[in-house]
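A quick write-up on the structure given underneath.
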Protein chains: 2
Amino acid sequence: MLQSKPGWLQKAVKGVLLDITGVLYNSGQGLGQAIPGSINAVERLKSSGIPVKFCTNETQCTREKLVSKLNKLGFSLTLNEVHSPAPLAVAYIKEHKLRPYLLVHTEALGDYADVEKSESNCVVVGDAAEEFNYENMNRAFRVLLESDNPIILALGTGRYYKDSGELVLDNGPFIKALEYACDVKTVVLGKPATSYFDGAVKKLGVPAENVIMIGDDLIGDVGGAQSCGIRGVQVKTGKYRLQDEQHETIKADGRVKDLAEAAELILQFNTVTT
Amino acid sequence: MLQSKPGWLQKAVKGVLLDITGVLYNSGQGLGQAIPGSINAVERLKSSGIPVKFCTNETQCTREKLVSKLNKLGFSLTLNEVHSPAPLAVAYIKEHKLRPYLLVHTEALGDYADVEKSESNCVVVGDAAEEFNYENMNRAFRVLLESDNPIILALGTGRYYKDSGELVLDNGPFIKALEYACDVKTVVLGKPATSYFDGAVKKLGVPAENVIMIGDDLIGDVGGAQSCGIRGVQVKTGKYRLQDEQHETIKADGRVKDLAEAAELILQFNTVTT
């Protein structure tokens with residue numbers, strides 16, 4: 001490689017957070033497709049001894065199913081390496097004694113098996129995809145309208161992502177719809193919430209200033225990470241669009257072709273041995 | 001009647017604008033149901049010689065079907081007495097040479113029969129009800145994302161309305177969802193747009209200060225009318241909720257039990273003979 005040390009690697013990297021969808025693989029029919037070079041990049045990063053965690057807002061299935069799917073695609077990762085909003089939602093629900101209506105994907109219902117759901121007084125909004133229909137949106141709306149203290153627990157606030165080669169709506173727009181319909185407080189549990197990234201950094205066990213987040217979402221991944229003092233690097237795979245480079249407020253610390261290039265640069269230029 | 005002259009009748013009334021859904025009738029299975037006293041109230045207002053127009057954002061069917069439905073319920077009104085956003089949208093589309101993707105109710109497609117719809121570059125959002133599903137929302141999203149000058153033509157921005165006795169989401173929330181998903185300009189053609197009320201007042205042919213708008217929606221009907229110098233009176237039927245009386249910025253000029261009471265007060269206290 002003839003590249004010189006990029007600016008985003010001037011400070012030592014002691015931990016890496018990797019987004020999953022759009023970085024490791026693109027979702028779609030069946031298992032979806034691994035992004036070329038990503039399987040090997042994950043392998044190399046983990047082998048180098050740098051702690052790696054996987055930070056996702058993907059909630060179209062349970063965490064177990066997601067890990068199993070990624071394993072089948074060839075990725076080496078385990079359940080406890082995945083930092084995902086569903087367990088954070090369950091913890092929040094239990095702590096605040098809430099009873100959620102689950103506007104989530106049918107495949108993800110298992111994440112909430114031991115939560116009380118009768119006489120709902122809050123709404124959990126995950127990536128419900130086809131479940132974002134008029135009937136379910138009305139159910140969620142009425143739960144919020146009738147609750148004394150209406151709360152939306154947002155598993156993410158993404159605008160869109162790539163599925164089967166097409167951009168499709170994420171859960172953010174549907175949360176905005178419910179917010180407009182009734183006065184309601186939204187608690188964001190997934191990216192870009194500060195609490196989410198703080199939790200991920202804690203799992204890595206290194207200071208935030210020595211962590212790099214690699215993602216395809218400028219707002220959820222890069223902006224969220226940066227607001228916690230983590231460097232945010234955007235890959236040009238997944239939902240990346242040229243317009244991201246002109247964003248008014250969020251400037252990525254770095255931009256790379258794909259995860260393979262990010263891993264290559266980290267392994268080549270990072271001076272820390274852990 | 002022992003009531004004294006209400007404040008909202010201090011100034012002469014020379015024209016009346018009536019909302020339809022929630023004032024004349026409640027929508028629902030079949031034809032829906034006339035609100036008690038409304039058929040007679042419309043009759044009496046029209047017989048008194050005061051010009052009356054019907055101002056609706058209802059776009060679940062063509063205007064012809066709406067008028068036919070109301071006639072069957074017993075209301076005396078004709079097509080040219082109805083001021084509705086669909087013809088305004090068609091005029092806008094033609095003037096700006098747009099090609100819309102129609103996120104509208106299947107029963108309302110007829111309103112756009114002579115509009116070019118191939119290679120869509122804008123989105124019309126009406127009260128699409130069941131058509132607000134994930135697939136159609138994604139289609140609308142992608143039309144906007146791929147358009148050089150993305151525009152949403154909003155047939156209304158209502159938050160919710162009453163259907164078959166239940167509150168259900170109106171088109172406003174779904175417009176907010178699309179706005180959040182992509183940077184887009186929304187042109188509101190229905191209530192509460194100033195242009196909409198200006199058009200209605202023009203049809204009445206009297207000064208705005210002598211017009212009263214009677215509706216169940218505090219924002220769309222009352223607030224919209226007031227921003228054009230029209231008095232806005234809220235009925236306590238349809239989507240009215242007690243919370244409306246505590247709204248931070250919009251204060252109704254008057255509030256009445258229902259259209260029957262509004263008509264009774266107008267006929268009893270209005271001093272103008274036309």
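Observations
- When the range A:244-274 is filtered for residues that are acidic (Asp, Glu) and more than 19 Å from the chain's Cα centre (by Cα), the ones remaining, listed by number, are A:245, A:248, A:261, A:264.
- The residues of the range B:217-238 that are open to solvent by 50 Å² or more (accessible area, probe 1.4 Å) and touching a residue at least 60 places away in the same chain (Cβ under 8 Å) amount to a single one, B:219.
- Some residue of the range A:247-260 being part of a strand (DSSP E or B) and touching a residue at least 60 places away in the same chain (Cβ under 8 Å): yes
- Applying the set (1) within 12 Å of the chain's Cα centre (by Cα); (2) farther than 17 Å from residue B:236 by Cα; (3) open to solvent by 10 Å² or more (accessible area, probe 1.4 Å); (4) among the polar types (S, T, N, Q) to residue B:62 leaves exactly one unmet item: (1).
- Criterion violated by residue A:241 - all others in (1) within 15 Å of residue A:158 (Cβ to Cβ); (2) open to solvent by less than 40 Å² (accessible area, probe 1.4 Å); (3) free of Cβ contacts under 8 Å to residues at least 40 places away in the same chain; (4) not assigned by the TED database to the domain that holds residue A:19 satisfied: (2)
- Any hit, the range B:53-61, residues being of a type in the set (Ser, Thr, Tyr) and either assigned to a helix (DSSP H, G or I) or over 30 Å from residue B:114 (Cβ atoms) (or both): no
- Every residue from the range B:116-140 that is within 10 Å of chain A (Cβ to nearest Cβ) and either of a type in the set (Val, Ile, Thr) or under 21 Å from the mean Cα position of the chain (by Cα) (or both): B:128, B:129, B:130, B:131, B:132
- Residue B:208 vs. criteria open to solvent by less than 20 Å² (accessible area, probe 1.4 Å) and not charged (D, E, K, R): no
- Search result, residues across the range B:164-194 that are within 16 Å of residue B:129 (Cβ to Cβ) and at the interface with chain A (Cβ under 9 Å from one of its Cβ atoms): B:166, B:167, B:168, B:169, B:170, B:172, B:173, B:174, B:175, B:177
- Taking the range A:1-20 as the range and being outside any strand (DSSP E or B) and under 14 Å from residue A:57 (Cα atoms) as the test, the residues that pass are A:19, A:20.
- Selection status of residue A:202, open to solvent by 30 Å² or more (accessible area, probe 1.4 Å), within 29 Å of residue A:142 (Cβ to Cβ) and either over 15 Å from the mean Cα position of the chain (by Cα) or in contact (Cβ under 8 Å) with a residue 12 or more places away in the chain (or both): no
- Inside the range A:219-246, residues that are part of a helix (DSSP H, G or I) and of a type in the set (A, V, I, L, M) make up a count of 4.
- Screening A:148, A:111, A:127 for residues that are in contact with a Pro (Cβ under 8 Å, 6 or more places away or on another chain) and among the acidic types (Asp, Glu) leaves exactly one candidate, A:111.
- Answer residue from the range B:141-156, given it is facing chain A (nearest Cβ under 9 Å) and touching a residue at least 12 places away in the same chain (Cβ under 8 Å) and is farthest from residue B:59 (Cα to Cα) among those: B:145
- Residue match in the range B:20-37 (condition: touching a residue at least 12 places away in the same chain (Cβ under 8 Å), of a type outside the set (Val, Ile, Thr), under 15 Å from residue B:231 (Cβ atoms) and open to solvent by less than 50 Å² (accessible area, probe 1.4 Å)): no
- Scanning the range A:74-86 for residues that are touching a helix residue (DSSP H, G or I) at 6+ places or on another chain (Cβ under 7 Å), open to solvent by 30 Å² or more (accessible area, probe 1.4 Å) and not in a loop (DSSP other than H, G, I, E, B) yields a count of 1.
- Test: residue B:128 is within 20 Å of residue B:168 (Cβ to Cβ) and either of a type outside the set (D, E, K, R) or free of Cβ contacts under 8 Å to residues at least 24 places away in the same chain (or both): yes
- Identity of the residue in the range A:244-274, within 27 Å of residue A:155 (Cα to Cα) and of a type in the set (Lys, Arg), that ends up surrounded by the most Cβ atoms within 10 Å (Cβ to Cβ): A:255
- Number of residues in the range A:232-251 that are over 19 Å from residue A:56 (Cβ atoms) and of a type in the set (A, V, I, L, M, F, W, C) equals 2.
- Filter pass, residue A:224 being within 18 Å of residue A:262 (Cβ to Cβ) and among the small types (Gly, Ala, Ser): yes
- Flag for residue B:23 being assigned to a strand (DSSP E or B), among the aliphatic types (A, V, I, L, M) and within 20 Å of residue B:193 (Cα to Cα): no
- The condition of being at pLDDT 95 or above and under 16 Å from the mean Cα position of the chain (by Cα) holds for only one of B:225, B:208, that being B:225.
- Within the range B:87-127, the set of residues being touching a helix residue (DSSP H, G or I) at 6+ places or on another chain (Cβ under 6 Å) and of a type in the set (Phe, Trp, Tyr) comprises just one member, B:101.
The values are calculated or read from the model by the stated rules, or taken from the named source; none is laboratory data. Just so you know, these numbers come straight off a predicted model, no measurement behind them. Note that we place each Cβ from the backbone using ideal geometry, even for glycine, and neighbour counts take in every protein chain shown. We work out accessible area using only protein heavy atoms, side chains counted, and drop any ligands, DNA or RNA first. Shrake-Rupley method; radii C 1.70, N 1.55, O 1.52, S 1.80 Å.
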